[in-house]
Amino acid sequence: MTTTAQGNQETAYCDYLLRPGNTNCAGCGMSIALQWVDQALEGEKPTLVIPACCGIVTAGAFPTSAYGAPTAAATFASSPALATGISTIAALNEETQPVICWAGDGGTYDIGLATISAAAERNENMIYICYDNEIYGNTGGQRSSATPAGVVTSTTTSGKGERKKDIMAIMAGHHIPYAATLSVAHRDDFIRKIKRARATKGFRFLLILSPCPTGWKSEPEDSTELISMAVRSGLFPLYEIFDGVRYCINKRPDGLAIDEYINRQRRYRAVAGDPTSLQAFIKDQWHHLEGMVKAFPATDEDGDR
Amino acid sequence: MARELVTGNHAAGHTLALAGEANSAARGCCAGAYPITPQTEIIEYLRRFDFTKGRVVPVESEHSAMGVCIGASLAGARSFTASSSNGIAYMVENIFAAGFYRLPIVMIAVNRTLGPPWNIWVDQGDSLMVRDAPWLQFYCDSHQDLVDTILLSFRVAEDSRIMLPTIVAMDGFVTSHTQMVVDLPEQEQVSAFLPVCNVGHRLQHERPTTIGGLTWPRETEHHRIEIQKSMERVPEVLTEAIDTFEKIFGRRPAGVLAATQTEDADTVIIACNTIARTLGNVVKARRKNNERIGMVRAKMFRPFPRAELISAIGSAKRVGVLDRNHSPGSGGIFWQEIAATLRQCPDVLLQNYLVGLGGGDVTPEIIDSIIDDLNGRTESVEPIWKEIAA
Ligand SMILES: Cc1ncc(C[n+]2csc(CCOP(=O)(O)OP(=O)(O)O)c2C)c(N)n1
Ligand code: SF4
């Protein structure tokens, strides 16, 4: 059996959460994120629940599976419902492995929103991770309510008119114990948040901005740099919300202009050279976030941040 | 065994709860619960029940009710729910998913008219909407039949030779909200009758596979063929289950169908659910007048018992099918199946009657007039609407 070094341990390929042979495009954010989730869980394997999205194609075709964990493919809107059943039975049988929903933005912001809202309101014991590529990747690149204003998709051919939905505010409104945003360009912060989510009970919501060269019309080798730019420019803030009411910002923007982020992705071609709408979005977003942090800061009891 | 005067919904809720409780020695039980008239009392009963190892999850929709059942069943538990009408319509995507996953979930369908316009009364169009899903379907004519069929359903659905979900249907209000004296089973009997639920292909950490991911045409074809083969095994497995049932409960529920006085009948009428009970009285009365008439109560709709139906019809010259459901542009849905079955009997005059749609009361007089019509026919015509309100 081929083995490879992962941290200090020798791990067989078949023991990875994301195994070689998966179908992810080159430069896909899922490839980084799934490996980091695996590393943060330190060998513990979750049960995965994945709705219709690129993430289920990742597994490859039956009978092979690129996931080194038991995985259920849910209908598009149902992953938190299936996860509710799975985690209920796990609890009744005193099984402790985490149940993780792994879903795209379409399954999260759009078709699955009612199901997620209900599972969050019941505070079901699961980690819900949305890898947000801001587009319907699986069906060839249509708009979602996570698609930012200005972005060209196959259903917004002259650039989307509406702003991206604030899913974090929606989840905070459910008073779930833990919600956080994660970047595939910030490994330490990412790993810490996965561990934090793992150590928390109840409904945990994690949002990853997930680069998608195929949908973003960007170069695969630019993926992590693009996410780094999104964080530095303030477009994708890294923060945590505890119990839906206490906020903590993990990284503030360093003033990087948004122009290069736009120029390196042809999905922004309709607004090329005109960053004003994204700039206005960033400004409003930080106005809201700074206000929340000021009014409702995290406390010492919220632990390491 | 307790003989009690209970509603159909009470009987169903009680039986589901005991079946769930009977799996406490294994991985427990779980139900997704969402209200809709006329099944609501079933999920209310389940929410009140104090399970030793089980949970009833109050979800936000029927789609998620079935989603929770799927998750629980994938995790190896016994799982069940109940719905009606638009609830079943809203659930359809996950109804298909549950069958394709091969999960032995049991769902009570309290038959109700689909809307809008809103009508809460009985019509079998809701459960028949999912006739092409990989689910067994049973239609019950009484409270006792309901209790017994629910128990049989768990046993058959969870049998490793079958591994398919099952719908147990009853008439909205006529059964769900009226009281009859029922032999309600005791927990020990149910636990003796139902082996613990073992979903062999459940999610397991020792065996990390992806269930329900991508398949190519070849595997998909195999998957469908396997489902068909399992369907074909149902009559045999059901008969075994009934034999065991009789030993434990001392009575013998109907199997795939129930034929009455068809041996020498020239005219045979087919109906399901409570219309079949009214029909039984009409047939009895007509027999007293020496009419050569018989009836078949259609009970199992999926798999459709073709061979059993042909032998039940015997040498009848005329067969009338009463449908309390309607497939627009075609006719009654039971009639469609029966017409496909009777293509092997070209000499039989088969006539469809659409009756009691939207819950109209199908009285003995109406059935009598249908039989008179059928007996006077020399050839069959398009499905006939027998309007009750007219
Ligand atoms: C009920 C239903 N409607 C539509 C689809 C088709 N469909 C499959 S995946 C998908 C888009 C998924 O987008 P997203 O959740 O953003 O994930 P991504 O593909 O980008 O990873 C759609 C529309 C479906 N599978 N089920
Ligand atoms: S289309 Fe995008 S999200 Fe889907 S696999 Fe490719 S890069 Fe990843």
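The values are calculated or read from the model by the stated rules, or taken from the named source; none is laboratory data. Everything numeric in this text was worked out from a predicted model, so none of it was measured. We place every Cβ from the backbone using ideal geometry, glycine too, and count neighbours over all the protein chains shown. Surface areas here come from the heavy atoms of the whole protein model, side chains and all, with no ligands, DNA or RNA. Shrake-Rupley method; radii C 1.70, N 1.55, O 1.52, S 1.80 Å.
Each residue in the range A:266-286 was checked for being within 17 Å of A:K164 (Cα to Cα) and in a loop (DSSP other than H, G, I, E, B), and 1 of them qualify.
Here is the figure for the range A:30-65: residues that are more than 10 Å from ligand 1 (Cβ to nearest atom) and outside any loop (DSSP other than H, G, I, E, B) total 14.
Pairing residues of the range A:127-155 that are within 14 Å of another protein chain (Cβ to nearest Cβ) with residues that are open to solvent by 30 Å² or more (accessible area, probe 1.4 Å) and within 11 Å of ligand 1 (Cβ to nearest atom), at Cβ distances under 8 Å and at least 6 apart in sequence or on separate chains, gives A:N138/A:A52; A:N138/A:C54; A:N138/A:V57. In a residue-by-residue description of the range A:239-251, the property of being in a helix (DSSP H, G or I), touching a residue at least 24 places away in the same chain (Cβ under 8 Å) and either surrounded by fewer than 21 Cβ atoms within 10 Å (Cβ to Cβ) or not hydrophobic (A, V, I, L, M, F, W, C) (or both) applies to no position.
Per-residue answers, yes or no, for (1) touching a strand residue (DSSP E or B) at 6+ places or on another chain (Cβ under 9 Å); (2) surrounded by fewer than 24 Cβ atoms within 10 Å (Cβ to Cβ); (3) at pLDDT 95 or above; (4) not small (G, A, S):
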position	(1), (2), (3), (4)
B:M129	no, yes, yes, yes
B:D141	yes, no, yes, yes
B:Q144	yes, yes, yes, yes
B:V147	yes, no, yes, yes
B:S153	yes, no, yes, no
B:V156	yes, no, yes, yes
B:R161	no, yes, yes, yes
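Of all residues in the range B:1-17, those that are open to solvent by 10 Å² or more (accessible area, probe 1.4 Å) and more than 17 Å from B:P35 (Cβ to Cβ) total 6. Picking from residues in the range B:204-221 that are surrounded by 12 or more Cβ atoms within 10 Å (Cβ to Cβ) and not in a strand (DSSP E or B), the one that is farthest from the other protein chains (Cβ to nearest Cβ) is B:T220. Consider the range A:10-29 and keep the residues that are small (G, A, S) and within 13 Å of another protein chain (Cβ to nearest Cβ). The one that is nearest to ligand 1 (Cβ to nearest atom) is A:G21.
Out of all the residues in the range B:78-97, is one or more among the aromatic types (F, W, Y) and part of a strand (DSSP E or B)? Yes - at least one qualifying residue is present in the range B:78-97.
Tell me the residue from B:M300, B:M295, B:M231 that is within 30 Å of A:I86 (Cβ to Cβ) and of a type in the set (A, V, I, L, M), please. Sole residue among the options that is within 30 Å of A:I86 (Cβ to Cβ) and of a type in the set (A, V, I, L, M): B:M231. So, in the range A:109-168, of the ones that are open to solvent by 60 Å² or more (accessible area, probe 1.4 Å) and polar (S, T, N, Q), which residue ends up farthest from A:I282 (Cα to Cα)? Looking at residues that are open to solvent by 60 Å² or more (accessible area, probe 1.4 Å) and polar (S, T, N, Q), I get A:N125.
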